[in-house]
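The values are calculated or read from the model by the stated rules, or taken from the named source; none is laboratory data. What you see is a predicted model; the values in this text were computed from it and never measured. Cβ placement follows ideal geometry from the backbone for every residue including glycine, while neighbour counts extend to all protein chains displayed.
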Amino acid sequence: MTALPYQRLYMRMIHITSMGTELPEWLKSKYSLLQNKFGKKGFSYEQAVKILKEDKDEKTAATVFSELEKAGFIKIKAGSTNKNLYKLKQREEWKEIFSVNQKMTRNTIESILKKAADLIRTRVDYKFILILLFYKRISDKWELEYEKEYRKALAEGLSEERAKEEAKNYRFHTFDLPEEFLWENIRKDVSKLPENFSKALKALGERNKDLKDVVDRTDFIEFTTSTENAEILRQLVELFSEKKLHHVSPDILGDAYEWVLRYFAPTKAKEGEVYTPREVIKLLVEVLDPDPGESVYDPCCGSGGMLITSYNHVKEEHGKEEVKKLFLYGQEANPMTYTLCKMNLYIHDIIDVNIQGGDTLLYPKFLEDNTLKEFDMVIANPPWNQDGFGKDTLRKANFWKKRFRYGFPPNQSADWAWMQHMITSARDKNGRVGVVIDNGCLFRGGKEKRIRTKVLERDLIECVILLPEKLFYNTGAPGAIIVFNKNKSQERKGKVLFINASEEYEQHPDVRKLNRLGEEHISKIVEVYKRFEDEKGFARIVALDEIKDNDHNLNIPLYVFPEVEVEEIDINREWAELREIGGEIEQIEKQIEEYLKVLE
């Protein structure tokens, strides 16, 4: 049996993990042991294991061999007797190893994605880039998992043939992927790329319940009905084949995925697709401040940005072990966006998360004891002013009496339907809610005013933040953030903190017509929220009685308005300058009259 494609290619782009530019001392001694025995000669795995076992150590031979191979210090090639032969990389080749590994950076991946974006431009849906990136990661990681289990099986005494079969077992892999559909096997036959990718995605969905109705929604055959698209697919596959992705950190790969979403956001906004700027999400997450052991729920999770940012916040604040105790939930109505969300979470290495498909306003999916499940933190950027969810529609929704207890919104705007659902989904004891919403819901009258009045009377609103204009790709209007708290601290009861952050922005570095929140702006807003104090021209604590006197209007400029610097004018000096200018004008007029006389 000849070596498999991933065995032959395995060592080409392998990456150094945690080794820096030098081997650890214990591994260096093992390398020296093998170097003294074999030098530049080839050797079998069994021969290497025999030598390593002679050097009694608590580390197994399989571990040593695995670390050397993973770091790129062993070359692999098919032997003449159907057994793999290995060679040690000599010291003069070490520089080459490190230089290859150092190339696989965030900039490298973004460079590949920029080339991919240039290939498709606006002719092809950008989602094909994300699907290929996702599939390449799965395939490359399968190869890595295979190599690990293959070496382990050999060390346990299995024959090479049995070890190969054992290493393919789905139990050892993140996803069950048929060997025939590995990336390198698919790309062999260029003429069948669309057919094989479609088959591969279908098989992936059938064999992995978490990917059912996710990746198998994409039809590459239909996509390549035009010759132009078939050529684009070929070029995309070759572009992604340049690098292996199994050793790229989830942070870097996740940033790459987000880069694609952000890059195409201005174009997709024109088609009605919503992308929440990650700076706005960061602000909201830092305000709500999730902790390990808590549950976070996004009822319209889109591509997963709110959940991913919440996860990263807990990981940065509390560490990798503590973030495992965070529980993430999301629901998304759009099937394609649901697909992007599932892939995005996997690319970020966030596996333990519950994402459901379906219309949240009508059919919320998260239930407990035959009623709505409640969460510690509810966070979302729902569709602004979504129409079609008035009284007649919402009375048909599941649990409508419990969710819309404060009233039904007008048919032309579901803003307060979303917010009521989020409030109901938050725990009574410590539930807090953060929503990015259209500014108009703060002051519109009619049905929205009646709902707003009842919510205020129950003292559920803790903070209202006016955002700068031109932050969002699909509208230039300034949005708002409303923070609800079902269990306010004693000093915050009966009060609402208004923050006017309309002037807290910088110019967007990539999109000329947009603004964005900078780090200093986010910090300033979060700090004043946590202090819950007045700050002249920026923040003000307002009693509910005052809001009631304003007819329950939450329009932020009613309560706090940025201070405008007024220039002091010295009237005497200004008058003297004006008289001086007048004299100069009189002199010029006289000169012009003289010139005109000469011309006559």
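Could you pull out every one of the helices (runs of 4 or more DSSP H) wholly within region 273-336 that has 3 or more residues that are buried (at least 19 other Cβ atoms within 10 Å of the Cβ)?
278-288, 305-318
Scanning region 527-540 for residues that are surrounded by 18 or more Cβ atoms within 10 Å (Cβ to Cβ) and not in a loop (DSSP other than H, G, I, E, B), which turns out nearest to the chain's Cα centre (by Cα)?
Here the residue is 529.
Name the one entry in 195, 222, 160 that is surrounded by fewer than 13 Cβ atoms within 10 Å (Cβ to Cβ) and more than 28 Å from the chain's Cα centre (by Cα).
222
Tally time: how many residues in region 153-167 are touching a helix residue (DSSP H, G or I) at 6+ places or on another chain (Cβ under 8 Å) and either without any contact (Cβ under 8 Å) to a residue 12 or more places away in the chain or not assigned by TED's automatic domain parsing to the domain that holds residue 138 (or both)?
2
Taking the condition of being outside any loop (DSSP other than H, G, I, E, B) and of a type outside the set (A, V, I, L, M, F, W, C), how many residues in region 142-180 meet it?
19
May I ask you to verify whether residue 517 is over 30 Å from residue 457 (Cβ atoms), touching a helix residue (DSSP H, G or I) at 6+ places or on another chain (Cβ under 7 Å) and at pLDDT 95 or above?
yes
Is it the case, given these coordinates, that residue 476 is in the same structural domain as residue 278 (by TED's automatic domain parsing), farther than 22 Å from residue 295 by Cβ, surrounded by fewer than 22 Cβ atoms within 10 Å (Cβ to Cβ) and modelled with pLDDT of 95 or more?
No.
Would you mind stating whether residue 553 is closer than 30 Å to residue 446 by Cα, touching a Phe, Trp or Tyr at 6+ places or on another chain (Cβ under 6 Å) and part of a loop (DSSP other than H, G, I, E, B)?
Yes.
If you go through region 214-249, how many residues are touching a residue at least 60 places away in the same chain (Cβ under 8 Å) and of a type in the set (D, E, K, R)?
Counting residues in region 214-249 that are touching a residue at least 60 places away in the same chain (Cβ under 8 Å) and of a type in the set (D, E, K, R) gives 5.
Go through region 337-357 and count every residue that is farther than 22 Å from residue 421 by Cβ, β-branched (Val, Ile, Thr) and either touching a helix residue (DSSP H, G or I) at 6+ places or on another chain (Cβ under 7 Å) or part of a strand (DSSP E or B) (or both).
Residues meeting the conditions: 3.
Determine which member of the set 146, 150, 170 is in contact (Cβ under 8 Å) with a residue 12 or more places away in the chain and in contact with an Asp or Glu (Cβ under 6 Å, 6 or more places away or on another chain).
Result: 170 is the single residue among 146, 150, 170 that is in contact (Cβ under 8 Å) with a residue 12 or more places away in the chain and in contact with an Asp or Glu (Cβ under 6 Å, 6 or more places away or on another chain).
Quick one: which residue in 365, 396, 429 is in a loop (DSSP other than H, G, I, E, B), of a type in the set (D, E, K, R) and under 26 Å from the mean Cα position of the chain (by Cα)?
365
Taking residue 209 as meeting all but one of (1) under 18 Å from residue 339 (Cα atoms); (2) modelled with pLDDT under 90; (3) touching a Pro at 6+ places or on another chain (Cβ under 9 Å); (4) of a type in the set (Lys, Arg), write down the number of the exception.
Here residue 209 meets the rest and fails (3).
Within region 135-143, is there a residue that is assigned by TED's automatic domain parsing to the domain that holds residue 242, over 22 Å from the mean Cα position of the chain (by Cα), under 29 Å from residue 27 (Cβ atoms) and at pLDDT 90 or above?
yes
Can you tell me which of 279, 332, 294, 286 is without any contact (Cβ under 8 Å) to a residue 40 or more places away in the chain, charged (D, E, K, R) and either touching a helix residue (DSSP H, G or I) at 6+ places or on another chain (Cβ under 7 Å) or assigned by TED's automatic domain parsing to the domain that holds residue 485 (or both)?
332
Mind checking whether some residue in region 429-447 is charged (D, E, K, R) and exposed (fewer than 15 other Cβ atoms within 10 Å of the Cβ)?
Yes, region 429-447 contains a residue that is charged (D, E, K, R) and exposed (fewer than 15 other Cβ atoms within 10 Å of the Cβ).
Scan region 399-426 for residues that are in contact (Cβ under 8 Å) with a residue 40 or more places away in the chain and in a helix (DSSP H, G or I) and jot them down.
Scanning region 399-426 gives 417, 418, 419, 421, 422, 423, 424.
Which numbered condition in (1) surrounded by fewer than 19 Cβ atoms within 10 Å (Cβ to Cβ); (2) in contact with a Leu (Cβ under 9 Å, 6 or more places away or on another chain); (3) among the polar types (S, T, N, Q) is the only one that residue 425 fails?
Among (1) surrounded by fewer than 19 Cβ atoms within 10 Å (Cβ to Cβ); (2) in contact with a Leu (Cβ under 9 Å, 6 or more places away or on another chain); (3) among the polar types (S, T, N, Q), the lone unmet condition for residue 425 is (1).
Regarding region 310-323, can at least one residue be identified that is in contact with a strand residue (DSSP E or B) (Cβ under 7 Å, 6 or more places away or on another chain) and among the hydrophobic types (A, V, I, L, M, F, W, C)?
No: region 310-323 contains no residue that is in contact with a strand residue (DSSP E or B) (Cβ under 7 Å, 6 or more places away or on another chain) and among the hydrophobic types (A, V, I, L, M, F, W, C).
So residue 452 passes all but one of these: (1) surrounded by fewer than 21 Cβ atoms within 10 Å (Cβ to Cβ); (2) within 24 Å of residue 549 (Cα to Cα); (3) of a type in the set (D, E, K, R). Which condition number does it fail?
(1)
Being within 19 Å of residue 479 (Cβ to Cβ), touching a strand residue (DSSP E or B) at 6+ places or on another chain (Cβ under 6 Å) and of a type in the set (Phe, Trp, Tyr), is that true of even one residue in region 372-390?
Checking region 372-390: at least one residue is within 19 Å of residue 479 (Cβ to Cβ), touching a strand residue (DSSP E or B) at 6+ places or on another chain (Cβ under 6 Å) and of a type in the set (Phe, Trp, Tyr).
Just to verify a result, which residue in region 557-586, among those that are in contact with a strand residue (DSSP E or B) (Cβ under 9 Å, 6 or more places away or on another chain) and part of a loop (DSSP other than H, G, I, E, B), is modelled with the lowest pLDDT?
Looking at the filtered set, the residue picked out is 562.
Looking only at helices (runs of 4 or more DSSP H) that lie completely in region 182-271, which have at least 1 residues being of a type in the set (A, V, I, L, M, F, W, C) and over 13 Å from residue 135 (Cα atoms)?
193-207, 220-223, 227-240, 250-269
Is at least one residue of region 541-552 within 13 Å of residue 501 (Cα to Cα) and either surrounded by 11 or more Cβ atoms within 10 Å (Cβ to Cβ) or modelled with pLDDT under 95 (or both)?
Taking every residue of region 541-552 in turn, none turns out to be within 13 Å of residue 501 (Cα to Cα) and either surrounded by 11 or more Cβ atoms within 10 Å (Cβ to Cβ) or modelled with pLDDT under 95 (or both).
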